[in-house]
Amino acid sequence: MIVRSFKEIEGTDRHVKAASGTWESKRIVLAKEKVGFSVHETILYAGTETDMWYAHHIEAVVCTKGDAELTDRETGKTYRITPGTMYLLDGHERHTLKVKEDFHCICVFNPPVTGREDHDENGVYPLLTEPEEV
């Protein structure tokens with residue numbers, strides 16, 4: 001059994017800040033836990049716009065606070081995301097999140113992230129793995 005809080009991982013290697021400066025993420029469950037998914041608390045900052053494309057991952061996002069506009073870049077369709085709204089990127093959709101008010105969310109990734117990921121120039125997280133134990 002693992003018990004930990006988002007508060008206790010602040011400032012550790014599990015607390016990742018994007019090179020772009022548009023978001024930060026506290027990664028409370030990672031690939032090294034070997035449970036088949038990862039869980040993060042992420043904040044995207046008001047006034048920012050982030051292009052993302054999880055080419056290697058499926059992501060579910062639940063908004064807990066804030067306001068953002070999600071655009072599916074493949075269809076052009078937009079959605080307002082507010083507290084209590086979930087979106088699931090089950091088709092590896094290229095998407096943009098335009099944040100109106102600091103956007104707090106809980107994210108689940110499959111396959112799990114290692115905690116070292118950041119978006120590349122295409123908005124993609126690389127598919128990183130943990131070294132095998134011998």
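Kindly indicate whether TYR54 is touching a residue at least 60 places away in the same chain (Cβ under 8 Å), of a type in the set (Ser, Thr, Tyr) and either surrounded by fewer than 18 Cβ atoms within 10 Å (Cβ to Cβ) or out of contact with any Ser or Thr (no Cβ under 9 Å at 6 or more places or on another chain) (or both). Lay out the reasoning, then the answer.
Values: touching a residue at least 60 places away in the same chain (Cβ under 8 Å): yes; of a type in the set (Ser, Thr, Tyr): yes; either surrounded by fewer than 18 Cβ atoms within 10 Å (Cβ to Cβ) or out of contact with any Ser or Thr (no Cβ under 9 Å at 6 or more places or on another chain) (or both): yes.
So TYR54 fits the description; yes.
Where the second residue is among the small types (Gly, Ala, Ser) and in a helix (DSSP H, G or I) and the first is touching a residue at least 60 places away in the same chain (Cβ under 8 Å) and lies in segment 18-36, which pairs have Cβ atoms under 9 Å and are six or more apart or on separate chains?
Nothing qualifies.
Applying the selection to segment 29-51, what residues are more than 15 Å from LYS100 (Cα to Cα), surrounded by fewer than 16 Cβ atoms within 10 Å (Cβ to Cβ) and aliphatic (A, V, I, L, M)?
Of everything in segment 29-51, just one residue is more than 15 Å from LYS100 (Cα to Cα), surrounded by fewer than 16 Cβ atoms within 10 Å (Cβ to Cβ) and aliphatic (A, V, I, L, M), namely VAL35.
Residue pairs, Cβ under 6 Å, 6 or more apart or interchain, first in segment 68-94 and in contact (Cβ under 8 Å) with a residue 24 or more places away in the chain, second buried (at least 16 other Cβ atoms within 10 Å of the Cβ) and polar (S, T, N, Q). List them.
THR71/THR96
So, in segment 102-113, of the ones that are under 14 Å from the mean Cα position of the chain (by Cα) and in a strand (DSSP E or B), which residue ends up farthest from THR50 (Cα to Cα)?
Looking only at segment 102-113, we keep the residues that are under 14 Å from the mean Cα position of the chain (by Cα), and these are 103-113.
Okay, now just the ones that are also in a strand (DSSP E or B), so 103-110.
On the way: PHE103: 12, HIS104: 14, CYS105: 15, ILE106: 17, CYS107: 15, VAL108: 18, PHE109: 18, ASN110: 20 Å.
Out of the qualifying residues, it is ASN110.
Read the figures in this text as sums done on the coordinates, not as results from a lab. This structure is a prediction, so every number in the text was calculated from the model and none was measured. Glycine also receives a Cβ, built like all others from the backbone with ideal geometry; neighbour counts cover every protein chain displayed.
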